[in-house]
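What follows is a short report on a single structure.
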DNA sequence: TAAAATGTTCAAAAAATATTGAACATTTTT
DNA sequence: AAAAATGTTCAATATTTTTTGAACATTTTA
């Protein structure tokens, strides 16, 4: 049998760990070189932690940074605040914030007398989970039945493989049932945290 | 308030839908131009479906292709079979198969008298789920506690923000508890399907 | 033991995805 | 109504991830 070295393999769970420029080195290291740091140690740690968490879901780094900053900051922050403190581009900050808002992970706060929109992190697990499931998982399940029937109709009943293929279709149908049961269960449990 | 057109936005749930070369057009369209088709309609549909499913988990297309082919084929297939029928490079087929094997999504089958290794798709939801959770989710939860204590120790107790920051740490601790409860529950439920 | 068969690895190329920044649109203020 | 403030969009660029293919390693066969 050929060699099986102990896997240098990038896909060690796919999506090889993203490393890049700033905020990468030591978890609590300073941000850039120019400003000593626009973030407190707690904020820095928080940003680093959420980059990691969101990364586990294959979400872009900027999303994690933004959520991490809002999570670790008591006062609502504006787009400019986010952009400045994180040293992001305007576009990234705008789109990232919009994405988080659409998911329900970030709340808009209206501050009387202030025109700029301000944002805070949503921390209710129920809301976070249901937003994520709604936007990123449910859509795939919705067109499941239609995909399944397409698959089923691709079977040639006269072929010797037909029996096997039908059993596979049944298999997938079972999987969908599992999800139909598991998702509400998880959502309900999330409500208790 | 500035314009809010209805989101052309790439990140419409992040990871914009991957399109690329072959097997992309119509779900059941022919694979390439050269060979009329190395796959049956059922196999073609299956591959297309699993590219989609694995894509939802941000896994590379080749992984979905390989699993889809094995899933829709009764006989065990060799590395060469996979490579040929899917028109993949040797490297992709080898690494993809290895990755799926390590996850437990693909089983190795020993065929008496045949030297080449052969593979079949694992379809037990319990095995698939636990493999995925073990490889891609659990690791993130494991170093959770350590990350959490780093975060906690970054709080300056004399700062006015200390109280708020402690409550955030508590928040995250609660999330970990949720996962500690939810994961086993999901694994158990998966066992029934 | 040389040749063939089977697999793996990894550097280079290709493809996909994210980020930037400047142009554009809207609302508010002057 | 012009200027300022605030946000969004999108084409260009940068980064990351995936794929390829040929070199390499091991085992089996002749």
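The values are calculated or read from the model by the stated rules, or taken from the named source; none is laboratory data. Given the structure is predicted, the values throughout are model-derived calculations rather than measurements. Methodologically, a virtual Cβ is constructed for each residue, glycine included, from the backbone with ideal geometry; neighbour enumeration extends over all protein chains shown.
Within the range A:116-125, can one find any residue that is more than 20 Å from residue B:57 (Cα to Cα) and at the interface with chain B (Cβ under 7 Å from one of its Cβ atoms)? Yes, that holds for at least one residue. Here A:138, A:80 are screened, and the one residue that is over 30 Å from residue B:120 (Cβ atoms), under 22 Å from the mean Cα position of the chain (by Cα) and either at the interface with chain B (Cβ under 9 Å from one of its Cβ atoms) or surrounded by fewer than 17 Cβ atoms within 10 Å (Cβ to Cβ) (or both) is A:138. Restricting the range B:83-113 to residues that are away from chain A (no Cβ under 14 Å) and farther than 23 Å from residue B:45 by Cβ leaves a set whose member that is nearest to DNA strand D (Cβ to nearest atom) is B:89.
A search for C-beta distances below 7 Å between a residue of the range A:152-177 that is on the phi > 0 side of the Ramachandran plot and not assigned by TED's automatic domain parsing to the domain that holds residue A:140 and any residue that is at pLDDT below 95 and part of a helix (DSSP H, G or I), counting only pairs 6+ apart in sequence or on different chains, returns nothing.
The set of residues from the range A:173-189 being farther than 17 Å from residue B:122 by Cα, within 9 Å of another protein chain (Cβ to nearest Cβ) and either surrounded by 15 or more Cβ atoms within 10 Å (Cβ to Cβ) or within 23 Å of the chain's Cα centre (by Cα) (or both) comprises A:181, A:182, A:185, A:186, A:189. Looking across the range A:149-171, the residues that are in a helix (DSSP H, G or I), facing chain B (nearest Cβ under 8 Å) and in contact with a helix residue (DSSP H, G or I) (Cβ under 7 Å, 6 or more places away or on another chain) come down to A:150, A:151, A:165, A:168. Kindly indicate whether residue B:62 is touching a helix residue (DSSP H, G or I) at 6+ places or on another chain (Cβ under 9 Å), within 9 Å of DNA strand D (Cβ to nearest atom), within 11 Å of another protein chain (Cβ to nearest Cβ) and farther than 16 Å from residue B:136 by Cβ. Answer is yes for this residue.
With buried (at least 19 other Cβ atoms within 10 Å of the Cβ) and in contact with a strand residue (DSSP E or B) (Cβ under 7 Å, 6 or more places away or on another chain) as the only criterion, which of A:86, A:97, A:103, A:49 stands out? The unique qualifying residue is A:97.
Set side by side, the residues B:113, B:170, B:131, B:144 differ, and just one is away from DNA strand C (no atom under 16 Å from the Cβ) and surrounded by fewer than 15 Cβ atoms within 10 Å (Cβ to Cβ), which is B:170.
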